[in-house]
Amino acid sequence: TVSFYGEDNLHCKTVTSICHDGADVWIGTDGAGVVCYRPSDSSFRKFPSTHLRKISSLCEFDHRHLIVSIYCEGVFLLDKKTGTLSRYDIWDEDTFRKEIESGSIITISPTPDGRFLVFARKTYILDPETRHCRQFTSESGISPTHLCFWKDSDAYARGGTGLHRLNLKDLKIYQ
């Protein structure tokens, strides 16, 4: 067991997201940016490019990068070796402005088929090969905000007044 709240390790005690890439544990925080914990030698590595930023979510993008959502800034790729943070545009400028200015927290979750669910003011599916981000449709007009679990090929997410089923084939949200 490792304490992530040590005085020397994380300056901010709010962990917003965690992912494991098979070797390292990546930690997103509310104000201390991204921190990498390496279990093999119990070391922590901080990334100056993310320092003082509020990480909404992070997950593995590919073997070299994490896809990171930063509150009120957008979506970025973080190079795991160099710590370089680069903007990863998934929307046209108008949609980007609406999503960022809405104050919604953007969270990103991987799907079993290699795409990503993007929860923001609206809910989207992102194809990383094309950077095409398609919006889900919802009869109720409510978009869920956080992934809860997977069952078969459907995602279940919470938001608004309850649990929603996201059908990844027809891109519809069912309450």
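Brief remarks follow.
- DSSP loop GluC sites (Glu not before Pro) with at most 16 other Cβ within 10 Å: longest gap in the chain: 8-72
- With a Cα cut-off of under 15 Å and a minimum spacing of 8 residues unless on different chains, the lysine pairs in the chain number 8.
- Simple label model, 7 Å out from Cα along Cβ direction - Arg87 to Arg158, nm: 3.4
- Principal axis box of segment 80-126, alpha-carbon based, largest edge first, Å: 33, 27, 18
- Among the trypsin sites (Lys or Arg not before Pro) in segment 106-175, those placed in a DSSP loop whose Cβ has at most 10 other Cβ atoms within 10 Å are Lys169.
- With eigenvalues of the C-alpha gyration tensor scaled by 5 and rooted, segment 10-86, Å: 17, 14, 11
- Using a Gaussian network model of the chain in which every pair of alpha carbons under 10 angstrom is joined by a spring, one finds that among Cys19, Cys59, Cys148 the greatest mean-square fluctuation is at Cys148.
- Candidates Ala157, Ala23, Ala32, ranked by Gaussian network fluctuation over the chain, Cα under 10 Å, top entry: Ala23
- Fully extending the segment from Lys151 to Thr95 would add 17.2 nm, taking 0.36 nm per residue of separation and subtracting the current Cα-Cα distance.
- Mean projection of the Cα convex hull over all viewing directions, computed for the chain: 10.6 nm².
- Modelled label reach - Val15, point 7 Å along Cα→Cβ, segment 35-62 residues with backbone N closer than 12 Å: 35-38
- Relative contact order, percent, the chain [alpha-carbon distance under 8 Å, six or more residues apart]: 10
Each value in this text was obtained by applying a stated rule to the coordinates, not by laboratory testing. Keep in mind that what you see is a predicted model, and the values were worked out from it rather than measured. Because the Cβ atoms are built from the backbone with ideal geometry, glycine has one as well, and the counts that use them run over all protein chains shown.
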